[in-house]
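Novice: Supplied in structure tokens, the structure appears directly below.
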Amino acid sequence: MRDTRLPAKRGACALILCALAAAPAASGQSSGGGGVYVATPKVSKVACLRKCASKQRARGGSVLKIVGTELAGVNALTYLGSYGSGDDATVKVRAGSDHRLNARVPIGAVTGPIALATASGGRSAPTKPVLILPPPPPEPNAELSPAPGPRVNGAPRLETGTSRTKAFVGARPGVTFSFRLSGASAAALKVELVSAADGVALKTWTPQEVAPDQVQSISWDGRLGRAAAKPGRYSFRLTAASADGAEARNSQAGDIDRDSFDLYDNIFPIRGRHDFGGGGAEFGAGRAGHIHQGQDVFARCGTRMVAARGGRVKFKQYHAAAGHYIVIDGAGTDIDYAYMHLDQPSPFAEGDRVYTGQTIGAVGDSGNAEGCHLHFELWSAPGWYDGGKPFDPLPSLTAWDSWS
Ligand SMILES: [Zn+2]
């Protein structure tokens, strides 16, 4: 990640090439031992079979056809995504034969190589990248509307609404689920937050029943306790039962659209047109007497700047080189976020709580800056000039830019 020889604008392809470049070494190691024979599955072809964008392009919910050898013992398939394991997604599979198996593409899987594993520890080499388009965004239903889910006779009628289809960890307001019952009153109410990736309910609310026709709401800020929930698609699932047990639900099982939203871990900090400049703007670029410790992002003077991730303000100061700057300890992360050359001092003070997406200032050229830009740094734990180290923020910025 600190390779300064890479071009300024690195796309997903470059990252995937990195992953592939690592592959031969790994498979060479496993086959170089000799002696005990462990069946090693090998993939020769991958094609999208059902619910595809096209034969070569899958999306969450598609089914892939995988052709190869030694597939009989395969029981798991991992979508490796881009570098790092944060976006890996594994599904259970069962081979139809030694030469073929079908596998579901989970909703959270992203473009990247795939790899197979057997129960006895055999692993295939990662394949070439499989193109996986993101699933279409969830259907917006911000206003209450009749819920399409199953309803037994005698159960309450449900109307539901979800305030947004895109949410950010640590933002305020979070995502709000509202509902109203009519007809029968409910003796029991349950709202679950379900991860579309695996159907698991990660959080449950049991609201008090109220008289029919009253609107009730539940809000969530993307956190589970103190930890941030994993990015991905989530759905609110409401179950309402009448006194004699007749149940109604807001959606069918497996519906990833109704009362659903996509959760992201960071928002792009500049809310306007911007670019990442040339080589001199990169992390690691040479500077008089030091190395550039961040990524410059150019935008018009005065463009609104927000906290990519909320947290606690660690520093808010003026420095001859950095100009007006602010450093935020990202909530639920080990990372410090530094924003420099603001046109004015940020309205936040040291110690203040900031929410993801909250305005922290505007792009400027205070301090030693040529042209208005944000100088952005990310620091590992324990933090900014506190034992941590700056690392290249461009891959993160590029990813945030793609969804926000
Ligand atoms: Zn800079």
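Novice: Full-extension gain between residue 142 and residue 304, please, as 0.36 nm times their residue separation minus the C-alpha to C-alpha distance.
Specialist: Working: separation 162, 0.36 × 162 = 58.32 nm, distance 2.61 nm.
This chain segment gains 55.7 nm when fully extended.
Novice: Give me the percent relative contact order of region 143-242, please, defined on Cα pairs under 8 angstrom at least 6 residues apart. Could the numbers behind the result be given before it?
Specialist: Working: 207 pairs, mean separation 32.3, N = 100.
That works out to 32 percent.
Novice: Which FRET efficiency value, to the nearest 0.05, is calculated for residue 208 and residue 100 with the Förster distance at 45 angstrom and r the Cβ-Cβ distance?
Specialist: On the way: r = 53 Å, r/R0 = 1.18.
Step by step, r from the Cβ atoms, then E = 0.25.
Novice: Hey, another quick one. If the elastic network links every pair of Cα atoms under 10 Å, which of 96, 170, 361 fluctuates the most in the Gaussian network model of the chain?
Specialist: Of 96, 170, 361, the Gaussian network model singles out 96 as fluctuating most.
Novice: Okay, moving on. Which distance in nm do the two modelled labels at residue 252 and residue 157 give, with both placed 7 Å along the Cα-to-Cβ direction?
Specialist: 2.2
Novice: What number, in percent, do you get for the relative contact order of region 133-201 if the mean sequence gap of Cα pairs under 8 Å and at least 6 apart is divided by its residue count?
Specialist: It rounds to 28 percent for region 133-201.
Novice: Given R₀ = 56 Å, what would the calculated FRET efficiency be for residue 192 paired with residue 288, taking r from the Cβ atoms and rounding to 0.05? Write down the numbers at each step before the final one.
Specialist: On the way: r = 57 Å, r/R0 = 1.02.
The pair residue 192/residue 288 has a calculated efficiency of 0.45.
Novice: So how strong a dipole does region 30-101 carry about its Cα centre when Lys and Arg Cβ are +1 and Asp and Glu Cβ are -1, to the nearest 20 debye?
Specialist: Working: 11 positive and 4 negative charges, 103 e Å.
Once rounded to the nearest 20, the dipole reads 500 debye.
Novice: Once the other residues with Cβ under 9 Å from the Cβ of residue 158 are scored (Lys, Arg +1; Asp, Glu -1), what is the net sum? It would help to have the intermediate numbers written out before the result.
Specialist: Numbers: positive: 151, 157, 180, 249; negative: 159.
Taking every Cβ under 9 Å from that of residue 158, the sum is +3.
Novice: Also, quick follow-up: Cα centroids of region 90-112 and region 197-241: how far apart, whole angstrom?
Specialist: The two parts, judged by their Cα centres, are 30 Å apart.
Novice: Which of 225, 310, 161 moves the most in a Gaussian network model of the chain with Cα springs under 10 Å?
Specialist: 225
Novice: Once the other residues with Cβ under 12 Å from the Cβ of residue 194 are scored (Lys, Arg +1; Asp, Glu -1), what is the net sum? Each step should come with its number before you reach the end.
Specialist: Values: positive: 190, 203, 233, 237, 249, 258; negative: 192, 198, 255, 259.
Neighbour charge sum, excluding residue 194 itself: +2.
Novice: Per DSSP helix of 4 or more residues, -39500 (n - 2.57); summed, then divided by the residues of the chain. What does that give at 222 nm, rounded to the nearest 500?
Specialist: Numbers: 2 runs with 30 residues, N = 404.
Helices in the chain give a 222 nm mean residue ellipticity of -2500 deg cm²/dmol.
Novice: A 22 angstrom limit on the alpha carbon distance is what I want to check against. Which of 314/389; 42/230; 65/92; 166/230; 128/166; 51/203 exceed it?
Specialist: Details: 314/389 16 Å; 42/230 31 Å; 65/92 14 Å; 166/230 14 Å; 128/166 31 Å; 51/203 30 Å.
In this structure, 42/230; 128/166; 51/203 lie more than 22 Å apart at Cα.
Novice: Turning to a different aspect of this structure: Over the chain, what is the relative contact order in percent, taking alpha-carbon pairs closer than 8 angstrom and at least six residues apart?
Specialist: Numbers: 1086 pairs, mean separation 47.5, N = 404.
It rounds to 12 percent for the chain.
Novice: Name the residue farthest towards the positive end of the dipole of the chain from the options 202, 119, 340, assuming +1 on Cβ of Lys and Arg, -1 on Cβ of Asp and Glu, about the Cα centre.
Specialist: So the residue furthest toward the plus end is 119.
Novice: Rounded to the nearest 20 Debye, what is the dipole magnitude of region 83-144 about its Cα centre when Lys and Arg each give +1 and Asp and Glu each give -1 at the C-beta?
Specialist: Numbers: 6 positive and 5 negative charges, 88 e Å.
Magnitude of the dipole: close to 420 debye.
Novice: Hey, rough spin-label estimate for residue 53 and residue 92, points 7 angstrom out along Cα→Cβ, what's it come to in nanometres?
Specialist: In this crude spin-label approximation the distance works out to 2.9 nm.
Novice: Considering the Cα positions of the chain, please state its Rg to one decimal place and its Dmax as a whole number of Å.
Specialist: Computed over the Cα atoms of the chain, radius of gyration and Dmax are 24.6, 77 Å.
Just so you know, all these numbers are worked out from the coordinates, no wet-lab data involved. All of these numbers come straight from a predicted model, not from anything done at the bench. All Cβ positions, glycine included, derive from the backbone under ideal geometry; neighbour counts span all protein chains shown.
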